[in-house]
Amino acid sequence: MATKALTCGNADCNLASDRKCVEGYEIDECPHAGRISIDDIPEAEEPDTVVTQPEPTIALASGEALDRYTASILQRRLVSRSIGLIGPNDSGKTSLIAGVYDLLQEGAVSGAAFAGSSTLIGFEKVCHLARAASRSAVPHTERTSRGSDATFFHLDLYQEGLGLTSLFIGDRSGEDYLAATDQISQADQFFEIRRADCITLLVNGAQLADSGLRHEVKAATPQIVDALVEARSIREGCRLAIVLTKKDSVVASRYADRVQKDFDGLVKSISESHGAYLGEVKPFVVAASPKDCENVARGEGVGDLLLFWLHASLPPVALGDGADRGFERMIDILIEKGTEN
Amino acid sequence: MSSEIHLSIVGLPSSGKTTLLAALWHMVREPGSITALSFDGLSHGNYEHLNALAKRWRSGNIQQRTQVSGARDVTMRLKDAVGQKVQVSFPDLPGEDFARMWERRELDKGMLETLKAPALVLLVNGDTIKMPAWVVDRIAMSKRLGIGVPEMEPTEWSADLAPTQVKIVDLLQMLMSGDLDIGGRRLALLISAWDKVEGDGLTPAEILESKLPLLHQYLRYGRDPWTWHVWGLSAQGGVYEDPEKNESFPETDKLRDLERPSDRIKVVDGLAVSSDITKPLQWLIS
C-alpha cells in the first residue's frame with residue numbers, strides 16, 4: 001500500500017523529506033501539516049491555442065424583397081414597370097408573385113426571359129411552401145403580414161425587340177387594402193399603388209365558387225377600387241388588370257359557370273364605374289399555384305398577365321395644379337411627396 | 001513577352017474546382033501532351049500543393065475537401081502556341097465560401113481581390129444539379145402511379161434548399177455588383193462530371209438550357225456584361241476512390257490502365273470532344 005506523501009504549508013519545514021515538524025509539533029497536531037505550500041501550486045500556463053480573429057467580412061445585398069427607397073434606386077437603372085397588387089385576404093397575391101418567378105425557373109414566360117433579380121431570397125421564401133423541398137402535403141404560400149410596409153419583388157426581364165424591363169411587384173397585406181374601405185384615409189399609406197403603372201386587382205376564385213362567400217367577394221372587391229380611386233391613390237389613366245385567381249378551384253367546383261358570370265359582372269361593374277378614370281381595364285383568369293393540376297396547368301394564365309404588366313404604360317397625367325407633368329420622369333413621381341411615410 | 005493574368009475559379013461545394021486544378025497541373029506537365037496552353041517553367045513559387053493534388057489525381061483518388069477557410073494561391077507559368085507567355089494565378093477557394101455568400105449574404109474581405117479577377121472559371125457539377133420541384137407535380141405523379149402522397153414532416157425554409165441555378169445566378173449577380181463590380185468580365189462555364197451527364201446526348205449548351213434554364217436566361221439575355229462560353233468537363237473520366245473508405249472500383253482501375261493519365265480528361269465544346277483541359281483557359285485569356 002502506498003504511503004501518502006506528507007506536505008506542509010510552512011515553506012521552511014522539511015516534513016516531506018525528514019518527516020519532522022520544524023516547529024516541533026507532533027505531525028497530527030501541526031496546524032500547517034497537510035496543507036499545500038503556495039510554492040507547490042503550479043503557475044497557470046498560457047493556453048497553447050491561439051485565438052484567431054474572425055476574418056473581416058463585407059455585407060452583401062440581402063436578396064430580400066425591397067423597401068420603397070431601394071426599389072426607387074433600382075428603378076433608375078432600366079426602363080421599369082411598377083405593379084400594384086390589390087385584393088382582399090387570401091386572394092392569391094403572394095401566390096401570383098411566387099407563380100411568376102417559379103415559371104421563369106423553367107424558361108421564358110410568353111417571350112419574357114429572366115435577366116436578373118435583386119430579390120432572389122425573397123422569391124425563394126414565398127415559393128417555399130409550394131416546392132417539394134418544403135415537404136408540404138399541399139401547395140401553399142405564406143400570408144403577407146398585416147400592417148407591414150409594402151415591399152417590392154424585382155425581376156429584370158428581356159423581350160425580343162423591346163430589350164430589358166425591370167418589373168417591381170408591390171406586396172402588402174390584403175387586410176390593409178380592405179381597411180381602406182372602412183376608412184378612406186388609410187389609402188394615403190399605399191405608396192406602392194400611387195407609383196404603379198398597372199394595378200392588378202385579384203378576385204378569389206375559390207371564394208367566388210363558395211355560396212357562403214361569393215356575395216361578400218362581389219361586394220367587397222369593387223369597394224377596394226372605389227376607395228382607392230376616391231382617395232386618388234390610383235392615378236388617373238392607370239391600367240387595371242382584374243384577375244380571377246385559383247382557377248383550379250373554380251374548375252373543380254360545380255359552380256364554374258356561375259363563377260365566370262359573377263366575375264364578368266364584377267369586371268363590367270368596375271369598368272362602368274371607373275372606366276373613364278382608368279386606362280384599359282382587362283380581365284384575366286390564372287392558376288398561379290394550383291393545389292391540383294388535373295384540370296389546369298401550373299401557372300396557367302400568368303404569362304398573359306405578365307405581358308400586360310410589361311406593356312403597361314401610363315399616359316402623362318395633368319395634375320390639379322395645372323402643371324404639365326408630361327416631361328416628369330417616373331422616378332421623380334416615385335420618390336416624391338412628404339405624404340409617403 | 002510575358003503577362004500575368006489572374007483567374008479565379010468559383011463554384012459551389014463539390015463542383016470539382018480542386019480536381020480541375022489537379023488535372024490541369026498534371027496535363028501541362030505530362031511529357032508529350034499537346035495542349036493549347038503548355039508549361040513554360042517553374043518560378044520560385046511553392047508547388048507542393050499543386051504537386052500533391054496532381055499526385056492524388058494520377059493515383060485515382062478523390063481530392064480532399066479544400067480547407068474550409070482561406071485560399072491556397074496557385075500559380076502556373078504557361079505559354080500559348082506562338083510562345084506568348086502568361087502567368088496564370090488562381091486561388092483554390094473552398095466552395096463553402098461561395099455557399100456562404102448565398103446563405104449568409106457576406107463575403108470575407110480576403111476574397112475581395114480574388115473575386116475581382118477579370119476572368120472566371122465557373123464550375124457547376126452536372127451530376128448534382130438540384131432542380132426546382134413542386135408539391136403539385138409530386139401530388140400529380142403520385143396519383144398517376146396510384147400511390148398515396150407520402151406524409152412527411154414539413155421543412156422550414158432555409159437558403160440552402162434553393163435550386164442550384166438560383167444560387168449560381170445570385171453568385172454571378174454578386175460578382176457584378178457592389179465592391180465586386182469591375183465591369184465586363186469573361187466567364188468560362190464548365191459543367192463538370194460530364195461523364196455522368198453525357199448519356200443524355202446533349203451538348204453542354206443544351207444541358208445548360210434544359211437543366212439550368214434560369215442561369216441560361218440570365219447569361220443569354222445579358223443584363224450583366226458577361227462574355228461567356230460553356231463547356232462540358234470530365235476532369236477524372238469516371239469515378240475515383242476514397243482511400244479513407246478503402247474504396248476499390250473496377251471503373252477506377254480501367255482509368256488507371258489508360259496509357260496516359262490525361263486520356264481520362266474529356267473537354268466538350270459543342271460537338272467537339274478533346275482532352276485538352278487548357279482550352280477554356282486559353283479562351284479566357286484570349
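The values are calculated or read from the model by the stated rules, or taken from the named source; none is laboratory data. For clarity, every value in this text was computed on a predicted model and none was experimentally measured. Ideal geometry is used to build each Cβ from the backbone, glycine not excepted, and the neighbour counts take in all protein chains shown.
So here's what we get for this one:
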| item | result |
| --- | --- |
| Residues within the stretch B:163-180 that are facing chain A (nearest Cβ under 7 Å), farther than 17 Å from A:Gly122 by Cβ and among the aliphatic types (A, V, I, L, M), tallied | 0 |
| Answer residue from the stretch B:119-141, given it is in contact with a Lys or Arg (Cβ under 7 Å, 6 or more places away or on another chain) and under 30 Å from B:Gln282 (Cβ atoms) and is surrounded by the fewest Cβ atoms within 10 Å (Cβ to Cβ) among those | B:Asp127 |
| All positions within the stretch B:217-239 that are surrounded by fewer than 20 Cβ atoms within 10 Å (Cβ to Cβ), within 30 Å of B:Leu255 (Cα to Cα) and more than 14 Å from the chain's Cα centre (by Cα) | B:Gly238, B:Val239 |
| Which numbered condition B:Glu103 misses (of (1) more than 14 Å from chain A (Cβ to nearest Cβ); (2) touching a residue at least 40 places away in the same chain (Cβ under 8 Å); (3) surrounded by fewer than 18 Cβ atoms within 10 Å (Cβ to Cβ); (4) charged (D, E, K, R)) | (1) |
| Selected residue (criterion: nearest to the other protein chains (Cβ to nearest Cβ)) from residues of the stretch B:240-272 that are closer than 18 Å to B:Leu190 by Cα and not in a helix (DSSP H, G or I) | B:Gly270 |
| Some residue of the stretch B:82-100 being β-branched (Val, Ile, Thr), within 12 Å of chain A (Cβ to nearest Cβ), out of contact with any Cys (no Cβ under 7 Å at 6 or more places or on another chain) and farther than 19 Å from B:Arg186 by Cβ | no |
| Residue ranges of helices (runs of 4 or more DSSP H) in the stretch A:123-241 with at least 2 members at pLDDT 85 or above and either within 30 Å of B:Asp160 (Cα to Cα) or away from every other protein chain (no Cβ under 14 Å) (or both) | A:191-194, A:205-208, A:214-230 |
| Residues of the stretch A:103-120 satisfying the condition of being under 17 Å from A:Gly63 (Cα atoms) and more than 7 Å from chain B (Cβ to nearest Cβ) | A:Ser117, A:Ser118, A:Thr119 |
| Positions within the stretch B:142-162 being without any contact (Cβ under 8 Å) to a residue 60 or more places away in the chain, loosely packed, with under 13 Cβ neighbours inside 10 Å and either more than 8 Å from chain A (Cβ to nearest Cβ) or among the small types (Gly, Ala, Ser) (or both), in sequence order | B:Arg144, B:Leu145, B:Gly146, B:Ile147, B:Gly148, B:Pro150, B:Glu156, B:Ser158 |
| Filter result (touching a helix residue (DSSP H, G or I) at 6+ places or on another chain (Cβ under 6 Å) and among the small types (Gly, Ala, Ser)) within the stretch B:157-171 | B:Ala159, B:Ala162 |
| Qualifying positions in the stretch B:173-203 - more than 19 Å from B:Tyr218 (Cβ to Cβ), at pLDDT below 95 and small (Gly, Ala, Ser) | B:Gly199, B:Gly201 |
| Residues of the stretch A:165-184 that turn out to be surrounded by fewer than 23 Cβ atoms within 10 Å (Cβ to Cβ), more than 25 Å from A:Leu74 (Cβ to Cβ) and either in contact (Cβ under 8 Å) with a residue 60 or more places away in the chain or not aliphatic (A, V, I, L, M) (or both), as a count | 5 |
| Filtered residue count, the stretch B:204-232, keeping only those that are of a type in the set (A, V, I, L, M, F, W, C) and in a strand (DSSP E or B) | 4 |
| One residue from B:Asn61, B:Asn46, B:Asn51 being away from chain A (no Cβ under 14 Å) and free of Cβ contacts under 8 Å to residues at least 12 places away in the same chain | B:Asn46 |
